[in-house]
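The values are calculated or read from the model by the stated rules, or taken from the named source; none is laboratory data. Every value quoted in this text rests on a predicted model; they were computed, and no experiment measured them. No Cβ is skipped: glycine too gets one built from the backbone with ideal geometry, and neighbour counts run over all protein chains shown.
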Amino acid sequence: MRVALRDNLLKVLLLAGLSLALIAGCWRAGFTAYDDTMHITENPHLAAPVIDVLKPAPGSTYFPVTMLSYQLDHLLFAGWMPGTALRSWAPGVRLMTLFYHVLAALVVWRVLLRLRLSESVAFFIALVFAVHPLACETVCWTSERKNALAGLFGFAALWAYLAGDGRWWRMPGTLALYVLALASKPSALGLLPVFVVLELFGGAAGLAGAEAMCWRPGRAWVGIVERVAPLALAAALALVVNLAGHAATVIPPPGGSVFTAALTDLEILARYLYNLLLPVQLSAVYFVDPVRSLGDARVALYGLLLIALAALTIALAANRRRAIFGWLWFVGALGPNLNLIAIPHLMQDRYLYLSTPGAFLILVEVVEGLRARLATGNWDAAAAAPGLRAGYVAALVLLAALRGTVWNSMLGVFHDAVNRQPQAIFAYYGLGASYAQIREDGRERLSEAQNEKLRGLWLQAWKDGVDRCPDAKRYACYLVMALNVGEEFNRQAAQPADEGDRLRKLQVAEYYWQMAAEPPREACDSPPARALALGYLASLSIEQGRPDRAYGFAEKAVALCDEPPTRLVRARAAVRLAAALLRNGEEAAARTLLVQAREDASSIPPQADIYAKAQELLRDPLLAQ
C-alpha cells in the first residue's frame, strides 16, 4: 500500500511539474484586450452578489461557476499582485487555471483506470492531456478558464458515474458534477454522448469485453434511460439558456445548411486529428473554407480519409470496443462545436479540450495492438513502449513551452496567427487591434513617429484582412475593419499631397465604406456599423455634388439606425437635394424634403455632440423660409 501511495504521489508531482511548461513562457503576462476586459477586468460580476451571478444575462454565455472562480481570484490576487513587479493579477488567474487543468488531468487518469486500462496506459493518456500544446489556449488565455472548469467537473462526473456503480450516491453525485460542468461552459454538453455510449457498451466491464453490450433495444434500455434522462434534461436546459443568450451571435451553418456543415466538418475533424498527433501548426485562429455542395472534392478526400483511418485503427486495436468508444468520445465531445449551431469560429484549439482523452484512447489501443502483432524474439516491444511514450511526452512538453510564449501578449497571439493562417480575417482583425491597443496604451509616451508607425501597421493589417481573406464576410468584424480603413483614407485625404492624391484617397475611402455598407453574407449583422458607413457615403456624395445619391444613402442609414447622427446626415442631404429640385422647378417635391429636413434637424437633442451642427443647418436659408 505504501509503495502504491508513493508511486501515485510521484506521478501526481510529475504530471503537475510537466504541466508548468504550458505557462512557462507567459505566466507573468498581464491581461489582454482580447476578451479579458469583458470577462474579467471590466466584468461587473466580479463585485456582484452570488445571486446575481447565477442569473442568466441576455446576450452572453451562461457560466456562473467560472464567474465565481474569477471572484475568488480577485479576492486572492487583485489586492496585492498589481503592487508587485508583476503589475497585474493576471498571473494569479493563470496559475489558478493551471491548477484546475492539472486537477482535470488527474481526474482523467482515474476515469481511465475505472475503464480498466492499465496503470501505465491510463497515466500516459492523462499526462498527454496535461501537457498537450492544444491546452495552452485554455490555460494561458485568462478568459478561457471556463474550458478547464468544464473539463474538471465534466470528467469528475464521468468518474462518479463509473465509481458509484451500485451505490446510492451515483446519480445525485454525477448529476451535481455535470451541472457544475455545464455552468462552467456549455461545451460540456459534448460529454452527454459519452455517458450514453458508455451505457450502450455495458459500462467498464462491457468495454473490457467481460460483459455484453446493450446496443439492441431491450429491457436494459429502461435502466439506461432512467440514468441518462436527468443528465439529458440538465443539458437541454443549458442549451436553451445559452441559445437565448447567444441568439444575436448564431449565424447560418457553414455552406448554408446543416448538411453542408456536416460536410465541412469532415475536413475539420481531419485537421483536428493532425493537430492532436502532431501539434506543430497550432493557431489561435483557423481559416476554414465551408463546403457548399456534395460535389466538392474535399468531401471525398476527407470522408474517405476518416473512414479509412477509423477502420484501420479499429482493426489494429488491441481492444476494438475501446477503440470504437474512443472514436465516439472524440466526435461526441466535439459535438457542440461542430457548427450545426454555428458561430463564426468554425475551428479552435480549445474545442478539442474535452475530446483529447478519447483521441489518445484510440492511439494507445492501436499501439498496444501493434505491439502484440510485432513482438518478435529479436525485439522486446513491451520494453520499448515506456521509452516511446516518454519521448512523445517530452516532445509535447517542448512544443507546449514554445506555444505558451505566443500567449505572452495579444500581439504575439495574432502575429503568430497571421503567419500560420494568412487567409483568416480574424487573425488580421486581432493583429490590427493589437497595434491599436499598443498605440492607445502608449499615447502619452510614444513619439509622433512611433504613433504614425503603429497607425500604419494597424491600417495595413485591417486592409489586408478585408482585401485578402475569403472568409471576410463570415465575421461581423469585417464591417468594422472596412469602416475604419475608409475613415483612415478619408483622414489622409484631408492632408493631400495634391488634388489628385486627395481624389484617389477619397475614392479608396468610398470603396471601403461601400464594402462596410453591404449586408453581410454569413456573419451576424451590425446595423450601427452599416448605418455609419452609409452616413459617410452620404456625406461624401454631398461633397461630390450628388445630392440624389446622398439622400438615398441617408435614407438607408436612418432605416438601419434611427439615431441623431443619421437623421442629421439625412437632413443635410435633403436640403441639398431640395435645392437641386428647386432649380429644376420641382417645388412640391422640394417642399416635402425641406419639411423632413427641418424635422430631422430639430429632433437633435441639446445634449448631443452634433447639436450645434443641427442648429447651424436650421439657419440655412431654405429651412429658414
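Quick notes on this one:
- Options A578, A612; residue that is without any contact (Cβ under 8 Å) to a residue 12 or more places away in the chain, farther than 20 Å from A509 by Cβ and of a type in the set (A, V, I, L, M): A612
- Selected residue (only one of E543, E563, E586 is at pLDDT 90 or above, out of contact with any Lys or Arg (no Cβ under 8 Å at 6 or more places or on another chain) and in the same structural domain as N490 (by TED's automatic domain parsing)): E563
- Taken over the range 316-352, the criterion of being aromatic (F, W, Y) and in contact with a Phe, Trp or Tyr (Cβ under 7 Å, 6 or more places away or on another chain) is satisfied by F325 alone.
- The range 281-309 - residue that is outside any helix (DSSP H, G or I) and over 21 Å from the mean Cα position of the chain (by Cα) and, of those, surrounded by the most Cβ atoms within 10 Å (Cβ to Cβ): D296
- Considering the range 226-280, and only residues there that are touching a helix residue (DSSP H, G or I) at 6+ places or on another chain (Cβ under 6 Å) and not in a helix (DSSP H, G or I), the residue that is surrounded by the most Cβ atoms within 10 Å (Cβ to Cβ) turns out to be P253.
- Filter pass, L46 being farther than 27 Å from R87 by Cβ and either in contact with a Pro (Cβ under 6 Å, 6 or more places away or on another chain) or not hydroxyl-bearing (S, T, Y) (or both): no
- Residue that is in the same structural domain as V139 (by TED's automatic domain parsing), over 19 Å from I125 (Cα atoms) and aliphatic (A, V, I, L, M), where the choices are L402, L431: L402
- Taking the listed residues V128, V121, V139, the one that is surrounded by 24 or more Cβ atoms within 10 Å (Cβ to Cβ) and among the β-branched types (V, I, T) is V139, with no other qualifying.
- Filtered by the rule that a residue be over 17 Å from V197 (Cα atoms), in contact with a helix residue (DSSP H, G or I) (Cβ under 7 Å, 6 or more places away or on another chain) and of a type outside the set (G, A, S), the range 308-340 gives T313, L316, N337, L338, N339, L340.
- Options P386, P422, P357; residue that is at pLDDT 95 or above, farther than 19 Å from F287 by Cβ and out of contact with any strand residue (DSSP E or B) (no Cβ under 8 Å at 6 or more places or on another chain): P357
- Residue that is surrounded by the fewest Cβ atoms within 10 Å (Cβ to Cβ) [pool: residues in the range 310-340 that are within 14 Å of the chain's Cα centre (by Cα) and either in a loop (DSSP other than H, G, I, E, B) or not assigned by TED's automatic domain parsing to the domain that holds A400 (or both)]: L338
- Selection within the range 582-608: residues that are surrounded by 16 or more Cβ atoms within 10 Å (Cβ to Cβ) and touching a Leu at 6+ places or on another chain (Cβ under 7 Å). The member of this set that is farthest from L483 (Cα to Cα) is A590.
- Tallying residues that are surrounded by fewer than 15 Cβ atoms within 10 Å (Cβ to Cβ), closer than 14 Å to Y70 by Cα and out of contact with any Ser or Thr (no Cβ under 8 Å at 6 or more places or on another chain) within the range 1-47 yields 4.
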